[in-house]
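J.: Questions regarding the structure given below will be posed in turn.
The values are calculated or read from the model by the stated rules, or taken from the named source; none is laboratory data. What you see is a predicted model; the values in this text were computed from it and never measured. We place every Cβ from the backbone using ideal geometry, glycine too, and count neighbours over all the protein chains shown.
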Amino acid sequence: MPVKNIFEKVHQETFGKSGCRRIVPGQYLAVDPKGRAGMIAAIEKQKLVFIFHRSPEVKLTISSPLEAHKSNTLVYHMVAVDVDYSNPMFACLEIDYEDADADPTGEAAQKTQQTLTFYELDLGLNHVVRKYSEPLEEHANFLVSVPGGRDGPSGVLICSENYLTYKNLGDQMDIRCPIPRRRNDLDDPERGMIFVCSATHKTKSMFFFLAQTEQGDIFKITLDTVGEVVTAIKLKYFDTVPVATAMCVLKTGFLFVACEFGNHYLYQIAHLGDDDDELEFSSEMPLEEGDTFFFAPRSLRNLVLVDELESLSPILSAKVADLAGEDTPQFYMACGRGPRSSMRVLRHGLEVSEMAVSELPGNPDAVWTVKKKSDDKYDAYIIVSFVNATLVLSIGETVEEVTDSGFLGTTPTLCCASFADNGLVQIFPEGIRHIWASGRVRDWKAPGKTHIVRCAVNQRQVVIALTGGELVYFEMNKDGKLHDYEKTQRMSSDVVCMALPNVPAGEQRSWFLAIGLADNTVRIISLDPSDCLSSRSMQVLPVCAESLCIVEMGCAERDQEDAASASTTTSLYLNIGLQNGALLRAVLDPVSGNLTDTRTRYLGLRPVKLFRIRMQNSEAVLAMTSRSWLSYYYQSRFYLTPLSYESLEYASGFSSEQCPEGIVAYFNEHTAYSCAGKTGRRIQPGFISLGIHSPTVCRPS
């Protein structure tokens, strides 16, 4: 399901109930190329065949299993044979150990031969039979199915020690070709060479195989045919990549290599190796028994590395310790083998990309991003507040300072935001500035000798707290002016933090305001014109609140056929950051204003600062303490995950053409930072732009 990025189980058939044992099927799986049946086999004895049925509604169902068991038999490999629309057939590499098991001298074990066995599913009789079995000269480890019907001659390639053999039923003669070896190889010359994995590429006009040896060398294998009879096997050195457990050729011209040790790789097939000067080996070339072909390995010529998928396998040793002093321990692991071994550090958190870093002339107090117009897609300004000034930066091809934005630059800024009338609002200690889209400016001054200490703002409303705990409420009227509510409200204690939710769609205002007071309480204040600034509910806290954030979160289940249509069920949540490093989250009733279902999570050593951002087209909360955390809602559940990044001081949501859902934040002086794998010490304070990877693809880093 692409929307949820998960697999959805369509049907399930139980084939084993006694655990992972050698006689319980599950080690090998092969499916008929036409999708009519599948065989699942155990290492020993048991094989089951399932017939796949499709209803008129194209719903897939699986039949009851048909048994193809054979006692005292070990299975080495299994593939489905391409027989076009004839009865499905499966080929198995087997060995019968009955005589060897009964012979204590061991002579029978030395004489036991491996067999290639074909199993046929008779769709008419609904029965599985052993159609053909033939002993093999060399010990084989791997089978490759050859395309059949209109695409090829059918049959299988048997990969054995030092040899590649083609076999098929009927009048087809066995075709045998040695596996080439490296010239001047330092490895043991007596050691046999085997193929360990392969990939098949098929088009309407041709097909070929890519097979890899134990040393990582990939060979391109083609078959010469006359009619439906194979006359020769041809091998040509292709390239050398790390040894894989599986390879897959995509129709788009890429080769995915799932490596046995270390990271996996995605290569683009730039050339098919047909027109180069590499020597092509053929089974028709005369060779003495025991002789083979030789080739010289080289650097990549036909493949181009496109991407690398990190893998820890195999983990040989691991330690858990907080050596970096990040409050949470890290995993230190010794991974891989030989020249591909590595020492890796795993941190629990969402992966973060650092987009840009800029130095600032001093220590900032806060940072915000605003849009010129409410319907703009991207932010236009970055506002940076200092202890005695405000810096306005314009966002474009470059980020540069501007002086014609309308913002007052000679005072620190407490908050700023975009208004629904395409205007901007700036709140500073001495008052409020409303900047109209036309450029006209209207100021409101704080009365008497008071000044603004706290504020909260959304698209249409502004609430400020003056010295002494007095609340003043402003709301945009029909003329687009910021109109103050005549009645003020004096709180019983000093206001330490405030929060307003976004105005709901189709509404004129948000109905509630959250205020954190110095008496260790959080109060929900009504903004309804009938009882404006009256208290609705209260939450007692263990310590004083540091910051508040009200967000709307919920589930958005999208229809698979129409991703644009989404049925959404959301709720309001009040997030409370405490000075002891804990985060509280409570459900805010949108009608009564009551707080319910309060949950607590300890985040770090420093007071928790909360910031509302956008993530995956929905609201999320960025919590900053001794470590940065992201609270978001994904696939019908809440997540609170740390960011795999250094601790930040202040942040705001950021949207640009290069980073639609990012964060702009700043470090304080002497904060360590990392970029492109390098670490250093920042001399000057600076702000950065971050992009958080989608939670659907997040991984430890």
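J.: Provide a single number: the residues in region 380-417 that are β-branched (Val, Ile, Thr), in a strand (DSSP E or B) and under 17 Å from Glu657 (Cβ atoms).
T.: 3
J.: Would you pick out the residues in region 274-316 that are at pLDDT below 85 and in contact with a Lys or Arg (Cβ under 8 Å, 6 or more places away or on another chain)?
T.: Answer for region 274-316, where residues must be at pLDDT below 85 and in contact with a Lys or Arg (Cβ under 8 Å, 6 or more places away or on another chain): just Asp276.
J.: Same structure again: Against the conditions (1) of a type outside the set (D, E, K, R); (2) surrounded by 21 or more Cβ atoms within 10 Å (Cβ to Cβ); (3) out of contact with any Pro (no Cβ under 9 Å at 6 or more places or on another chain), where does Ile194 fall short? Just the number, please.
T.: (2)
J.: Let me ask something else. Could you list, in sequence order, all residues of region 585-610 that are under 21 Å from Val370 (Cα atoms) and buried (at least 22 other Cβ atoms within 10 Å of the Cβ)?
T.: The answer is Leu610, and nothing else.
J.: Residues Leu323, Leu346: which one is within 24 Å of Trp629 (Cα to Cα) and under 24 Å from the mean Cα position of the chain (by Cα)?
T.: Just one listed residue meets the conditions, Leu346.
J.: Now for a separate question. Looking at region 72-85, can you tell me whether even one residue there is out of contact with any Gly (no Cβ under 9 Å at 6 or more places or on another chain), outside any strand (DSSP E or B) and surrounded by fewer than 15 Cβ atoms within 10 Å (Cβ to Cβ)?
T.: Yes: region 72-85 contains one or more residues that are out of contact with any Gly (no Cβ under 9 Å at 6 or more places or on another chain), outside any strand (DSSP E or B) and surrounded by fewer than 15 Cβ atoms within 10 Å (Cβ to Cβ).
J.: Of all residues in region 336-379, which are in a loop (DSSP other than H, G, I, E, B) and closer than 29 Å to Ala420 by Cβ?
T.: Pro364, Asp365, Lys371, Lys372, Lys373, Ser374, Asp375, Asp376, Lys377, Tyr378, Asp379
J.: Condition (residue is in contact (Cβ under 8 Å) with a residue 24 or more places away in the chain, exposed (fewer than 13 other Cβ atoms within 10 Å of the Cβ), assigned to a helix (DSSP H, G or I) and assigned by TED's automatic domain parsing to the domain that holds Met39) applied to region 106-115: is it met by at least one residue?
T.: Scanning region 106-115 turns up no residue that is in contact (Cβ under 8 Å) with a residue 24 or more places away in the chain, exposed (fewer than 13 other Cβ atoms within 10 Å of the Cβ), assigned to a helix (DSSP H, G or I) and assigned by TED's automatic domain parsing to the domain that holds Met39.
J.: Hey, does region 448-461 have a residue that's without any contact (Cβ under 8 Å) to a residue 24 or more places away in the chain and hydrophobic (A, V, I, L, M, F, W, C)? Step through it out loud before you land on a result.
T.: Step one: of region 448-461, the residues without any contact (Cβ under 8 Å) to a residue 24 or more places away in the chain are 448-451.
Then drop every residue that is not hydrophobic (A, V, I, L, M, F, W, C), which leaves none.
No, the conditions are met nowhere in region 448-461.
J.: Follow-up. How many residues are more than 27 Å from Ala102 (Cβ to Cβ), surrounded by fewer than 17 Cβ atoms within 10 Å (Cβ to Cβ) and touching a strand residue (DSSP E or B) at 6+ places or on another chain (Cβ under 9 Å) when one looks only at region 26-51?
T.: Quick first cut of region 26-51, residues more than 27 Å from Ala102 (Cβ to Cβ) only: 26, 29-40, 48-51.
Imposing the further condition that a residue be surrounded by fewer than 17 Cβ atoms within 10 Å (Cβ to Cβ) reduces the set to 26, 29, 34-35.
In the following step, the residues that additionally are touching a strand residue (DSSP E or B) at 6+ places or on another chain (Cβ under 9 Å) were identified as 26, 29, 35.
So the count comes out to 3.
J.: For Cys248, are the conditions met, namely being surrounded by 13 or more Cβ atoms within 10 Å (Cβ to Cβ), under 24 Å from the mean Cα position of the chain (by Cα) and within 30 Å of Asp174 (Cβ to Cβ)?
T.: So Cys248 passes the test.
J.: Restricting to region 95-105, give me the number of residues that are in a strand (DSSP E or B) and either at pLDDT 95 or above or more than 23 Å from Cys159 (Cβ to Cβ) (or both).
T.: Restricting attention to region 95-105, the residues satisfying the condition of being in a strand (DSSP E or B) are 95-96.
From what's left, either at pLDDT 95 or above or more than 23 Å from Cys159 (Cβ to Cβ) (or both): none.
Count: 0.
J.: Taking into account only those residues within region 464-502 that are of a type in the set (Val, Ile, Thr) and in a loop (DSSP other than H, G, I, E, B), which is modelled with the highest pLDDT? Write out each step before concluding.
T.: In the first step, residues of region 464-502 are kept if they are of a type in the set (Val, Ile, Thr); the result is 464, 467, 472, 488, 495-496.
After this cut, where a residue has to be in a loop (DSSP other than H, G, I, E, B) as well, the list is 467, 488.
On the way: Thr467: 91, Thr488: 86.
Within region 464-502, the match that is modelled with the highest pLDDT is Thr467.
J.: Scan region 521-533 and report the pairs whose first residue is under 12 Å from Ser592 (Cβ atoms) and whose second residue is among the basic types (Lys, Arg), with Cβ atoms within less than 8 Å and a gap of 6+ or a chain change.
T.: Close Cβ pairs (under 8 Å, with a partner that is among the basic types (Lys, Arg)) amount to Ile524/Arg536; Ser526/Arg536.
J.: Could you grab me the full set of residues in region 53-70 that are in a loop (DSSP other than H, G, I, E, B) and either on the phi < 0 side of the Ramachandran plot or not assigned by TED's automatic domain parsing to the domain that holds Leu123 (or both)?
T.: Answer for region 53-70, where residues must be in a loop (DSSP other than H, G, I, E, B) and either on the phi < 0 side of the Ramachandran plot or not assigned by TED's automatic domain parsing to the domain that holds Leu123 (or both): Ser55, Pro56, Glu57, Lys59, Ser63, Ser64, Pro65, Ala68, His69, Lys70.
J.: Restricted to region 159-181, and to residues that are in a strand (DSSP E or B) and free of Cβ contacts under 8 Å to residues at least 60 places away in the same chain, which residue is nearest to Ala91 (Cα to Cα)?
T.: Within region 159-181, the first condition is being in a strand (DSSP E or B), and the residues that meet it are 159-160, 163-167, 175-178, 181.
Subsequent filtering for residues that are free of Cβ contacts under 8 Å to residues at least 60 places away in the same chain retains 159-160, 163, 165, 167.
Values: Cys159: 13, Ser160: 15, Tyr163: 19, Thr165: 14, Lys167: 11 Å.
Looking at residues that are in a strand (DSSP E or B) and free of Cβ contacts under 8 Å to residues at least 60 places away in the same chain, I get Lys167.
J.: Related question: Of (1) surrounded by fewer than 20 Cβ atoms within 10 Å (Cβ to Cβ); (2) within 13 Å of Phe208 (Cα to Cα), Glu288 satisfies all except one. Which?
T.: (2)
J.: Would you point out which residue out of Val75, Val31 is in contact with a Cys (Cβ under 7 Å, 6 or more places away or on another chain) and at pLDDT 90 or above?
T.: Working: Val31 fails: in contact with a Cys (Cβ under 7 Å, 6 or more places away or on another chain).
Result: Val75 is the single residue among Val75, Val31 that is in contact with a Cys (Cβ under 7 Å, 6 or more places away or on another chain) and at pLDDT 90 or above.
J.: Hey, could you check region 197-214 for residues that are of a type outside the set (Gly, Ala, Ser) and out of contact with any strand residue (DSSP E or B) (no Cβ under 7 Å at 6 or more places or on another chain) and say which is surrounded by the fewest Cβ atoms within 10 Å (Cβ to Cβ)? Don't jump to the end; show me each part of the working.
T.: Looking only at region 197-214, we keep the residues that are of a type outside the set (Gly, Ala, Ser), and these are 197, 200-204, 206-210, 212-214.
Right, trim to out of contact with any strand residue (DSSP E or B) (no Cβ under 7 Å at 6 or more places or on another chain) and you get 202-204, 206.
Numbers: Lys202: 16, Thr203: 9, Lys204: 7, Met206: 12.
Selected residue: Lys204.
J.: Please give the number of the condition Tyr632 fails out of (1) in contact with a Phe, Trp or Tyr (Cβ under 7 Å, 6 or more places away or on another chain); (2) at pLDDT below 90; (3) not β-branched (Val, Ile, Thr).
T.: Condition not satisfied by Tyr632: (2).
J.: Among the residues of region 203-245, count how many are closer than 27 Å to Pro339 by Cβ and more than 23 Å from the chain's Cα centre (by Cα).
T.: Count: 20.
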